[in-house]
Each structure stands twice: as C-alpha cells, then as structure tokens.
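Visitor: Provided herewith is a single structure, encoded as structure tokens, for subsequent inquiry.
The values are calculated or read from the model by the stated rules, or taken from the named source; none is laboratory data. Fair warning: this is a prediction, and the values are worked out from it, not measured in the lab. Glycine also receives a Cβ, built like all others from the backbone with ideal geometry; neighbour counts cover every protein chain displayed.
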Amino acid sequence: MLRTNPLYGSAPDLEARPLLTVTDLAVQYRTAGGTVRAVDGVSLEVHPGETLGLVGESGCGKSTLGRAILRLVEPSRGSIRLDGRELVGLPRRALRGERRRLQMVFQDSGAALDPRWTVGRLIEEPLRVYGIGGRAERRDRVARLLADMGLPPDAAARHPHAFSGGQRQRIGIARALVLDPDLVVCDEPVSALDVSIQAQILNLLQDLQERRGVAFLFISHDLSVVEHVSDRVAVMYLGRIVETAPRDALWRAPAHPYTRTLLAAVPSPERQARRARRGVNLPDALPSPYAPPSGCHFHPRCPLAVERCRSEVPALRAFSGTAHRVACHLA
Amino acid sequence: MSAETRTGAPVLEVDDLRISFRERAAERAAVHGLGFSVEAGETLAIVGESGCGKSLTAFALLGLLPGNARASGRVRLEGRDILGLEGEAMRRLRGTRIAMIFQEPMTALNPVLTIGAQIVEAIREHEAVSAADARTRTLSLLARVRIPDPERRFGEYPHRLSGGMRQRVVIAMALACAPAVLVADEPTTALDVTVQAEILDLIDDLRRETGMAVVLITHDLGLVAEHADRVLVMYAGRAVEAGSAAALFAAPRHPYTRALVAARPRPGSALRQRLVEIPGQVPPLGAMPPGCAFAPRCPAAEAPCRETPPPLQSVGTAAERVACLRWKDLRAPDQSPVRLGA
Amino acid sequence: MTGTLTISAARPRPAGLVARLIRRPSAVVGLALLGLVAGAGLAAPVLYPGDPLDMIGAPLQWPGMDPAFPLGTDMLGRDIAAGITHGARISLMIGAVATLVALVIGVGIGAGAGYYGGRVEAALMRLTELFQTIPPFLFTLAIVAVLQPSIPTIVLAIGLTGWPGLARLVRAEVLRLRDGELVQASIVIGASDARIIGLHILPNVLAPVVVSASILVANAILTESSLAFLGLGDPNVVSWGGMVGAGREVIRTDWFVAAAPGLAIVAAVLALNLLGDGLNDALDLKRALR
C-alpha cells in the first residue's frame, strides 16, 4: 500500500501528526422553517499527503463541512486546526495568511472562474493576491502549471468558456494548486463530468498528489469514485459522521448499517448487489432536516434499531483498531 | 439496420433514424442512421456520454423534438409507423401506448395541482371514465409504485414530496394507461444512490408485471449492468455496439465500449491504480471527422477508419453488432472480464 | 499524463460588443438617432454661433417660409433650429451628469448593502426605501424650487431621485453573485473584500447597470424638460422643455413652435430607450456565448 513520495518518503503515514484536525465542528443555519444543523458535531483528521474521502447523500452536510473548513461559512462551535494552528475565530487578516495552505476545487469550475478574465490571469491571481514573484516569474509558473494539467500553452490567453467541462475543471485545479497548498478540499470535482473525462481528472489528481504531496479532502456522493481515490473514507449522514475507516476496510467490512445500505445500493457490474438488495427496502422517507430523529439519526430507517438507538446518540468509537471507527450502539 | 428477427414481433422498431438541427442557417446532423428494436417485457439500455444523441432519440420516439429539429427514418410502435405523426394523432398515442419519464420529475409535475389530481387528469385525458373510477385507479397506481399511505398522498402537492417520491408519482402517471413502451431518460440521475436503486428496482418489477418494454437512457454503466437485458452504445450520434448486457460486459468489442467499461472506477481495485483514460473529447456537432467519429481518440485507428464511418455489422449471433473495422484485431482487454451478478 | 489536448475549436468566439449591438435593427436606429441628437448638440456653436435666445428674426414664421430659419421662429423671433441644437447640448449634458450622480450613489449603496449584509444592509435599504416613497417628480420640483433653478441644482435634484431603483438592482445582482462560486473561489484564494467587489462583482453587474443607465438618461431628459416647461428650468440657457412651454400659448395657431422641440424630446428619449434595449441583449453574456 505504500508508494514512494519524493516529499514525504513513503506516505501517507497515518501515524504522523495530522495536517488538519477538526473537532466537534457544528454549522447551523437559521431559516424561515427553523434551525437546520447542517453539520452536527463532526470530528475528523487528514494526514499529510493522504486523500480522505467524505461521502454521503444529498443533505448530509458534506459540502457544508467542506466550506466550513475553509471558513466560507462560519461554524457555530468546534475547532479546526491546521498543523496545530487554530482557524476558528481567527481574525480575517491572519486567516488570509493561512488560506495559502488550504484551497478548494469546486464542482463547477466554470461558475467559479470569472468569464471576463483570461485563463492565465485567473491562474495567476492567487499569486498576485499574495504578492508572490514578479510578472515574468508568475507567467512562468502559470505556463508550467498549464503543462502539468495537460492544457496547451496558448490556453493562458483564452477565456474559460472556450474550454470543455473537463478542461475547465483542470483550470480550476491549476488555480487551486498555484499557491502550493498543503490541503485541497475537492467538492464533487468530477460529478458533472462524463465517465471518460472523469477518469482523466481522477488520474490527474492522483499524479498531482504523488508529485506534490498535497492532501485532499475529497467530497462526493459517488461511492465508486470515492473508493477509487481515497486512502481513508468518512461516511456522513444528516450532519454526523457515522463511520471512518481505511478504504479497503470500509468496503470489505462496513460496520455501520447505513454504510452497508449505501454500498448495497451502488449499481455495478461486478457485484451481486441486486440479489443483496432484495429484502432491504428502505422506506423512502428522508427525515426533515428541521426535525432530525432523536438519538441516532439513522434509527427510523435502520433494520437493526433498538430502543437505545432512539434515546442515545452513539459516539464515534473505535471498531477495529484505531483507524476504523463507527458511531453505532450495535457495532 | 434491420429489425431483430426473433419469435414475436418487437413492440418498438427503429430503423435508419436520422435527426438534424437547423442552427443559424446550417443544418447539423445529430443522429445518423440509428436502428434498434425492443421486445415486450425487456429493457433496452441506450448508453452514451453527453452529446451522443441518446436523449434526442428518446424525444424523437415520442414526437417531442424541438421546433428546429427534423427527424427522418422509421419508428414503428406495435407495427404502426409513428415518426411522421403530428398533433392529435401523436397525442393520442403519448401516454397510452408509449410514455416517457424524465430526469427531473418537477418538469412533469404541475406545482399547483395535487399529485392525485394530476394522475386523475392523465387517466381522464385518454379514457372516458368517471371521476370516482379515476380516483380509485389512481389510488391503486400509487400503491403499485409503493408510495406509502396513498389516501393521504393523493391530496398532497409535489413540493411536499422528496425527489424519489416525485419520481414514483411520475412513473404512476406514465403507467396510468398501461403503455406498451416506457422510455426513461436518465430517470435517477438527480436522485441519491439509495433512492436510485429503489426506483430502478420498481421499474423492473413493473415491467415484469405488465410486460411492457422499457427503453432506459443512461450514461451510467453500472445501471446498465444491473437493469438492462440488452444494450445499445452510442457515440457522436451513431450506434457503435449493440448486444446483450451480459456479453457487453464480459467481452466488449468496440474500442469505445471497452474504454468506457475500463474507465469506471472498479471496486476492489488496488490502491492508487490509474484508471484507463480516453484522451481528448467528443468532437462538437459542426466538426465531425469524415471517417469513424471515434478515430481521433482510438488507440487502434488506422487509415481506413478515417475515411468512411464503419457500418454496424452483425458479429457472432445476429443480436450482437459492432461498428468498427478493427475490432477483431484488438487484443483481449487487460483486465479480467466482468461477470454480471445473476 | 494525457499530453496536450486540443481545445474544441467549433465553439465560436463571441463577436465584439459593437458587432452584437449592430445586429439588432432597433439598436441601430437608436444609435443613429442618438448620434443625430448628439451631433446637433456638438455642432450647435458652429451652426448657430451666438446666443440662441437672441431675437433675430420676424416672429412666428413657419418652417420653410424663410430659408434662413429652417424650423421657423417663435413668438419672440428666436430661431427655433438654433434653440433645438443648443438645447440638445443642455439636455444631453444634464441627462448624463444627473445619471452619473445617480450611478455613484446607487451603485455604492447597492453594492455595500448586497455585499455586507446584516445591519449595514438593513440601514442602507431603509434609506433607499425612504427615498423611494417620495414621489420623484415632486421631490425634484421641491429641491429645484428651494435651491433656485440652475443647471447644478437641476442635476443634483434629478440625481437624488434616480438612485434608489439602481441601488435595488445592484443589491440584487450583488446578492446573486455573493453566494455563488465565483465569490467563494475568490475568498478561498485570499482576495480582500475590496478586490472582490472591485474586480469580480462590479464588472459582472455592469450589464444591467449600463442598461439602467441609458433609461435613466432618458428619464433625466424628460424630467428636465418637465421642469423647464413649468418654468423651473435654468433661465439662462435654452431648453427643449422651456421651448415647449413657451409655445403653449400659440399652440392652436402656430403649433410648430411647441411641436419642434417636442419632437426633439421624443427623438432623444426614444433613441435612448432603443439603445438600452439593444445593450440589454448585446451585453447578455449567455446569449453571446451560445
């Protein structure tokens, strides 16, 4: 499972001090219908050079969590430590300094890129914001990045709309990497792409990680993709993490009933999933986010639920070894 | 592009379907000579990536092409040619003999009418039944699509239902008059994966119960593997491969199909394994190469491939067809063949 | 690595703004008319040197009676054509400057409210609503009457009544952008608020603002004409509205005295409306990229 990485030797070393530590993070929205706890006490870690996959269905809060880590939305409680430095509550000036190490790739790079600017200017902007390098040096870096992304050198003079969806994602990735961050949050980076283009982008991300040692928090609803890219995976349901495990362990021996349901639902030629699904008929009633179920959020849909599941919130505790953790009373 | 020869005539036959657009005084061909057929009780999946023309084909089947598009060829529904039908004649068929469900259920549902009222309307539009009878039928339809508590749901508005529920309502509407063919255009793309599985299982069960034929349009090969009997792979407006789903995954023949099957992240693969890529991208409508549309991206393309588009020919049994000049010369795929779960 | 990919060449480059504008016949008409009016205004000191308010001819001559006065003379013997061309300068100038005032205030308030939200937004929006509840023309009248009519006061008055609509428009556009990926991406790369607003938000709200501006100029011209008609225009300059007002008394016999300047007003306002329409379509980025 190890492969050599020029920056970190053999990596990712899950015993090393984590690069990002999130503790008991919560994000709340107040809307006309009530208070929504989009993220409800989440703790996780990302180690240098690793890819942590964050997977869950719509409404589970994974995108909100990604944005909260970047402080695009303000958490209502909890801590986010980047290499030991606390980010929550950090004043904006100081936060700007930390932003260099934390970047983001969006689902639709086309929407994130100003259509009036040229690609070169867009990729160069982070450097300008931080006053890095002179004009010639910046142009150099942009050209090298474009080459790394497999984009033609004349791309710098063109506008984003001249490119296809896959190419625009590459531009978005280039922009995220130009500052050489330690961690990049990828929010559904390939969900809007065709399968063949998706493969290109996933391979690209992998190459970039191997060469630069950057860590990814890879957010997606697509389990097959998450399984492919991740070293470790965290499964979210209604604002909480229900299971974290090294990727192979999660697929071989999922411990949480929700994880098992999710895995059984993935359509695939390789599995006997169809047969396994007979009998597991989830009532199609996703709980309202304004009034989540008490105790374990999953208990109304869980085939194994007992009384304790309704009254007591299960904590995320070790299941097998420290790396595999589950939030279930019955695991 | 001849129809299948099997016992029992196919309920839907498409022959040499061509669709073109008029865009700023230029005529652009989007679908070139497509041919396929579907039998009663089976699911044909039309699979391809964005821009391949699969949705356009679906619209053509129902006479729903946009104003600036033109279709030619033959589409026979239960033996009757429907491609040229207009207005009232087509409207009578839509919903009764051939129905369609879309990716986004809200496009089919009226937000200011209750779902019960909409299904009743769908029934009474085509059949002369009393309101009471229509209501009874609606309730049983809602139960059939496994909507819990149909009595209560009858009076609810679409926005109160989840995405999966709405799609079930849309299916109920489509099935209201027991059509012979159901065309499902990416019916679950907008839904969560757990809901997606339920919806497609539901469609399978209904198909078995009613004997209707299903044309499933999708880009997701996983869905194809689990829910399709036969598959038609499209690329840039043409069929490149056709055959049974099992055969397609066990031994894909066309280079594009092989690449598509290989490009999917596979469970159980080793950590950090590279996916097989298809370099480049689909040529845009106005810039199709003269020969095989896939040739610029094909690892096996040679000079003859670039001259004329290869015809769709039978290989093996009559049911298996490939549009490739070189498929026989290609090496066996590097991965072990995929066996579909029973 | 995939190696270099070719960029899809078939997606056409959007034609330049002017090219897109010219494609619409109504915009062409608008531009032409506006050019005519502006040209007349610019050429006024050359075509009709001296004060247009000088009484230089026999009074109430019909257009065409005397070749020296192509549009005739009014009841005081003043050359109507001179009045119209000089009036064009005044009208366009007042229109442009008043709109500029409205733009500065409106965009500033709208962008501030939209971007910062919270209490700032609440305060600014209450201010906007306050100004909106006052009937615009009466407000203009009041300001001009109190401050004594002159070009600066007229410009100020019109500017002060024109900004609320613009502020609401800008606020809506800024809100739309603020929650979108564009601004989020800019925040993530560490851009400051000033940079985000100045470089990303404002340029992208430019389109609807420009269209509004053209309509504002038209409204300013109408308002100024109305003020002058009522006798509240700057007494030292000739104005279309003033000319219409003066021609009121003889409208039953020598209607050309009021009609000529009236037509000029119509032409200018129509031109600006057509231009605004055309700009709306031409600046619509999505349309251009199709």
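Visitor: What number of residues in region C:195-248 are assigned to a helix (DSSP H, G or I) and either under 17 Å from the mean Cα position of the chain (by Cα) or within 14 Å of chain A (Cβ to nearest Cβ) (or both)?
Guide: We begin by selecting, within region C:195-248, every residue assigned to a helix (DSSP H, G or I); these are C:195-229, C:240-247.
Imposing the further condition that a residue be either under 17 Å from the mean Cα position of the chain (by Cα) or within 14 Å of chain A (Cβ to nearest Cβ) (or both) reduces the set to C:195-227, C:240-241.
Matching residues across region C:195-248 total 35.
Visitor: Considering (1) away from chain A (no Cβ under 11 Å); (2) not in a loop (DSSP other than H, G, I, E, B), say which one B:LEU260 fails and leave the rest.
Guide: Failing condition for B:LEU260: (1).
Visitor: Of the residues A:ILE201, A:ILE173, A:ILE197, which is crowded, with 20+ Cβ neighbours inside 10 Å and either modelled with pLDDT of 95 or more or assigned by TED's automatic domain parsing to the domain that holds A:GLU124 (or both)? Steps first, answer last, please.
Guide: On the way: A:ILE201 fails: either modelled with pLDDT of 95 or more or assigned by TED's automatic domain parsing to the domain that holds A:GLU124 (or both); A:ILE197 fails: either modelled with pLDDT of 95 or more or assigned by TED's automatic domain parsing to the domain that holds A:GLU124 (or both).
Every option except A:ILE173 fails the conditions.
Visitor: Those residues that are more than 9 Å from chain A (Cβ to nearest Cβ), among the small types (Gly, Ala, Ser) and not in a loop (DSSP other than H, G, I, E, B), I need them from region B:230-249; list them, please.
Guide: Hits for region B:230-249 are B:ALA239, B:ALA242, B:GLY243, B:SER244, B:ALA246, B:ALA247.
Visitor: From the list C:VAL146, C:VAL205, C:VAL174, C:VAL170, which residue is surrounded by fewer than 20 Cβ atoms within 10 Å (Cβ to Cβ) and under 29 Å from C:VAL97 (Cβ atoms)?
Guide: Working: C:VAL205 fails: surrounded by fewer than 20 Cβ atoms within 10 Å (Cβ to Cβ); C:VAL174 fails: surrounded by fewer than 20 Cβ atoms within 10 Å (Cβ to Cβ); C:VAL170 fails: surrounded by fewer than 20 Cβ atoms within 10 Å (Cβ to Cβ).
Answer to the selection: C:VAL146.
Visitor: If a residue has to be out of contact with any Asp or Glu (no Cβ under 7 Å at 6 or more places or on another chain) and among the polar types (S, T, N, Q) to count, how many in region B:176-231 make the cut?
Guide: 4
Visitor: C:ALA191: in a loop (DSSP other than H, G, I, E, B), surrounded by 17 or more Cβ atoms within 10 Å (Cβ to Cβ) and either more than 14 Å from chain A (Cβ to nearest Cβ) or of a type outside the set (Phe, Trp, Tyr) (or both), yes or no?
Guide: Values: in a loop (DSSP other than H, G, I, E, B): yes; surrounded by 17 or more Cβ atoms within 10 Å (Cβ to Cβ): yes; either more than 14 Å from chain A (Cβ to nearest Cβ) or of a type outside the set (Phe, Trp, Tyr) (or both): yes.
So C:ALA191 fits the description; yes.
Visitor: Can you tell me which residue within region A:98-121, out of those that are more than 9 Å from every other protein chain (Cβ to nearest Cβ) and of a type in the set (A, V, I, L, M), is nearest to A:PHE216 (Cα to Cα)?
Guide: Step by step, filter region A:98-121, then rank; the result is A:VAL105.
Visitor: Further question on the same structure: Which of the residues spanning region B:173-192 are crowded, with 23+ Cβ neighbours inside 10 Å, within 14 Å of another protein chain (Cβ to nearest Cβ) and farther than 18 Å from B:PHE59 by Cα?
Guide: B:LEU191
Conditions (1) modelled with pLDDT under 90; (2) away from chain A (no Cβ under 14 Å), marked per residue:
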residue	(1), (2)
C:VAL266	no, yes
C:GLY276	yes, yes
C:ALA282	yes, yes
C:LEU285	yes, no
C:LEU289	yes, no
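Visitor: Tell me the residue from B:PRO283, B:PRO309, B:PRO290, B:PRO252 that is part of a loop (DSSP other than H, G, I, E, B) and within 9 Å of another protein chain (Cβ to nearest Cβ), please. If you could, list the steps in order and put the result at the bottom.
Guide: Details: B:PRO309 fails: within 9 Å of another protein chain (Cβ to nearest Cβ); B:PRO290 fails: within 9 Å of another protein chain (Cβ to nearest Cβ); B:PRO252 fails: within 9 Å of another protein chain (Cβ to nearest Cβ).
Of B:PRO283, B:PRO309, B:PRO290, B:PRO252, the one residue that is part of a loop (DSSP other than H, G, I, E, B) and within 9 Å of another protein chain (Cβ to nearest Cβ) is B:PRO283.
Visitor: Here's a follow-up. Looking at (1) surrounded by 15 or more Cβ atoms within 10 Å (Cβ to Cβ); (2) over 21 Å from A:ALA215 (Cα atoms); (3) among the charged types (D, E, K, R), find the lone condition where A:ASP140 falls short.
Guide: For A:ASP140, the exception is condition (1).
Visitor: Has region C:93-111 got at least one residue that is surrounded by fewer than 24 Cβ atoms within 10 Å (Cβ to Cβ), free of Cβ contacts under 8 Å to residues at least 24 places away in the same chain, over 21 Å from C:ILE158 (Cβ atoms) and more than 10 Å from the chain's Cα centre (by Cα)?
Guide: no
Visitor: Going by what's in this entry, would B:ALA197 be described as crowded, with 24+ Cβ neighbours inside 10 Å, facing another protein chain (nearest Cβ under 10 Å) and in contact with a helix residue (DSSP H, G or I) (Cβ under 7 Å, 6 or more places away or on another chain)?
Guide: Details: crowded, with 24+ Cβ neighbours inside 10 Å: yes; facing another protein chain (nearest Cβ under 10 Å): yes; in contact with a helix residue (DSSP H, G or I) (Cβ under 7 Å, 6 or more places away or on another chain): yes.
So B:ALA197 fits the description; yes.
Visitor: So, of the residues in region A:213-227 that are more than 8 Å from every other protein chain (Cβ to nearest Cβ) and touching a helix residue (DSSP H, G or I) at 6+ places or on another chain (Cβ under 7 Å), which turns out to be nearest to B:ARG264 (Cα to Cα)?
Guide: Out of the qualifying residues, it is A:SER220.
Visitor: Pull up region A:159-207, narrow it to residues that are at the interface with another protein chain (Cβ under 7 Å from one of its Cβ atoms) and in a loop (DSSP other than H, G, I, E, B), then point me to the one that is farthest from the chain's Cα centre (by Cα).
Guide: Looking at residues that are at the interface with another protein chain (Cβ under 7 Å from one of its Cβ atoms) and in a loop (DSSP other than H, G, I, E, B), I get A:PHE163.
Visitor: Need pairs with beta-carbon distance below 9 Å; first residue surrounded by fewer than 13 Cβ atoms within 10 Å (Cβ to Cβ) and within region A:302-331, second in a helix (DSSP H, G or I); sequence gap 6+ or separate chains.
Guide: So the pair list comes out as A:PRO303/A:PRO257; A:PRO303/A:THR261; A:VAL306/A:HIS299; A:GLY321/A:ALA249.
Residues checked against (1) modelled with pLDDT under 85; (2) under 19 Å from B:VAL47 (Cα atoms):
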{"position": "B:PRO284", "(1), (2)": "yes, yes"}
{"position": "B:MET288", "(1), (2)": "no, no"}
{"position": "B:LEU312", "(1), (2)": "no, yes"}
{"position": "B:VAL322", "(1), (2)": "no, yes"}
{"position": "B:ASP329", "(1), (2)": "yes, no"}
{"position": "B:ASP334", "(1), (2)": "yes, no"}
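Visitor: Can you tell me which of (1) more than 9 Å from chain C (Cβ to nearest Cβ); (2) in contact (Cβ under 8 Å) with a residue 12 or more places away in the chain is the one A:ASP148 doesn't meet?
Guide: That leaves (1) as the condition not met.
Visitor: With respect to C:GLY83, determine if the residue is surrounded by fewer than 14 Cβ atoms within 10 Å (Cβ to Cβ) and of a type outside the set (Val, Ile, Thr). Write out each step before concluding.
Guide: On the way: surrounded by fewer than 14 Cβ atoms within 10 Å (Cβ to Cβ): no; of a type outside the set (Val, Ile, Thr): yes.
Spelling it out, it is not the case that C:GLY83 is surrounded by fewer than 14 Cβ atoms within 10 Å (Cβ to Cβ) and of a type outside the set (Val, Ile, Thr).
Visitor: When you scan region C:37-74, how many residues do you find that are exposed (fewer than 15 other Cβ atoms within 10 Å of the Cβ), in contact (Cβ under 8 Å) with a residue 60 or more places away in the chain and under 18 Å from the mean Cα position of the chain (by Cα)?
Guide: The qualifying residues number 0.
Visitor: For the structure I just gave you, tell me whether B:ALA89 is farther than 30 Å from B:ARG258 by Cβ and at pLDDT below 90.
Guide: Working: farther than 30 Å from B:ARG258 by Cβ: yes; at pLDDT below 90: yes.
Yes.
Visitor: Right, here's the next one. Taking strands (runs of 3 or more DSSP E) that fall entirely within region A:20-88, which contain at least 2 residues that are within 14 Å of another protein chain (Cβ to nearest Cβ)?
Guide: The strands (runs of 3 or more DSSP E) meeting that bar are A:20-31, A:51-55.
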